[in-house]
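The next block holds one structure in the form of structure tokens; read it before the comments.
Just so it is clear, none of the values below were taken in a lab; they were calculated from the coordinates. These numbers were taken from a predicted model, which means no experiment stands behind them. Here the Cβ is made from the backbone with ideal geometry for all residues, glycine too, and neighbour counts use every protein chain on show.
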Ligand code: URP
Ligand code: ZN
Ligand code: ZN
Ligand code: ZN
């Protein structure tokens, strides 16, 4: 093979029309350590047409193939961020990161797919909202994306729309809120969970007791506590834990699998875990919850303290981040999102005199992978394989994208990160790729740097150089009745195959349940 350097110089990346690049780029990644959820191997990976076509040693590949030498580096499945809010109108304003800036930043950090939330305004039809979000993302996103759909109210129409979304629009998850003024009451949650179960979808829940929060907030404001510290004081841990418990109890009545988004505290995790023996429950925590904490709400600078406001809030208990990391290690929690929902200083200032008006949300889409590596792998709490599980594989399994996504295997999409665990970078709003003017991880030095990020076979981060293409990503259907959620016994047959002979496409299609292009 040509040496990497020479090959790099001779690859006419700029001259090839963008729409042809993915199909024309043949790529061989050599000498790396391939990390999957279940094993770590030394194998080369050959990619063509956006798909992993061969894996093994001494592969026979066509001439003219670009070679990337990954010696000494890990080769990871691209990150899947199961929780983002891009181009989101919320609390009277709109997030600064949209589907272009957000996915561009995602790729810079090693994430190659996002699952964002369609958010209907109160009373708006789910289908109209879905089409709006498709318009926001289609032609803009630089990597693949899927959608969860939020229920901002409950009605028979909502119930019908859920069915249409699952049957015709590739949606398999719905988020219900137990806080905010669009929260559902227990009987509405019951009906919504019941419908999720009927359809083979996953019920997601924002678990905080909204009624208690509203009363607490009134009392705090009346006492003159108007700053960001009031945000956390109005929503203490038990208010989260109570809602987690209640959601699990309701889900159990109708035998509905439940996914609790943004689990932020020890007591909420314990509440969730107490139901894991009798109900199918999944817990997601956030990069924010591992990489920072609630002490920042008492910072004297408003931009700094308000910059950390999200719901549920970061916890003042300093043992929380480490405890959550340990829960991820022990499979008490299964995955890690960013809940990326970014607002600039001027937007956060809408709540200057009243913490209830601070737009809720923080960054994390770009830095999630590095923060988890630093807090989890670098500290020795989790292995590289567990890192892959919680940042990619489990999201792919739960949302029925596996094994097309979430693993490095023959037949899977070539969404791949070449990860240098020996390199470090220091996170800063000055250098990040997101549009937002603040970073909750400011100054944090992380081991683990994405050096190459391959998105559907295209090298979009090339030796540290970001070369994304607006609109390169596609919407990906998430089919209902995910085997991992609804029929775990079937998972064995989905295990990635280990063969070098890729000519047997019949076998691959059968094994992977996907159509090869
Ligand atoms: O504060 C947050 N989490 N903002 C985004 C909306 C949500 O509840 O996920
Ligand atoms: Zn939420
Ligand atoms: Zn601080
Ligand atoms: Zn969110």
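Descriptive notes on the structure:
- Here the contact order of the range 281-385, divided by its residue count and restricted to Cα pairs under 8 Å and six or more residues apart, works out to 33 percent.
- Relative contact order for the chain, counting Cα pairs under 8 Å that sit 6 or more residues apart, in percent: 20 percent
- Degrees, to the nearest 10: 99-109 long Cα axis against longest axis of the chain: 60 degrees
- Inter-centroid distance (Cα atoms) of the range 82-127 relative to the range 291-305, Å: 24 Å
- Working from the Cα coordinates of the range 41-167, the gyration tensor eigenvalues give, after taking √(5λ), semi-axes of 39, 17, 12 Å in decreasing order.
- Nearest-ten-degree value, helix 186-199 long axis tilted from longest Cα axis of the chain: 20 degrees
- Degrees between helix 320-329 axis and first principal axis of the chain (Cα, 0 to 90, nearest 10): 50 degrees
- Debye equation applied to the C-alpha atoms of the range 205-338, log10 I(q)/I(0) at 0.12, 0.19 Å⁻¹: -0.46, -1.03
- Using a simple spin-label model with pseudo-atoms 7 Å out from Cα toward Cβ, residue 421 and residue 31 lie 1.8 nm apart.
- Distance in nm between pseudo-label sites at residue 155 and residue 71 (7 Å out along the Cβ direction from Cα): 6.5 nm
- Mean projection of the Cα convex hull over all viewing directions, computed for the chain: 22.0 nm².
- Averaging the sequence gap over all C-alpha pairs within less than 8 Å and six or more residues apart, then dividing by the number of residues, gives the range 53-210 a relative contact order of 17 percent.
- Our note on the geometry: Cα centres of the range 354-371 and the range 462-486, 22 Å apart.
- The range 174-202 versus the range 258-282: alpha-carbon centroid distance in Å: 16 Å
- Kirkwood hydrodynamic radius of the range 376-480, from the reciprocal of the average inverse Cα-Cα distance over all distinct pairs: 15.7 Å.
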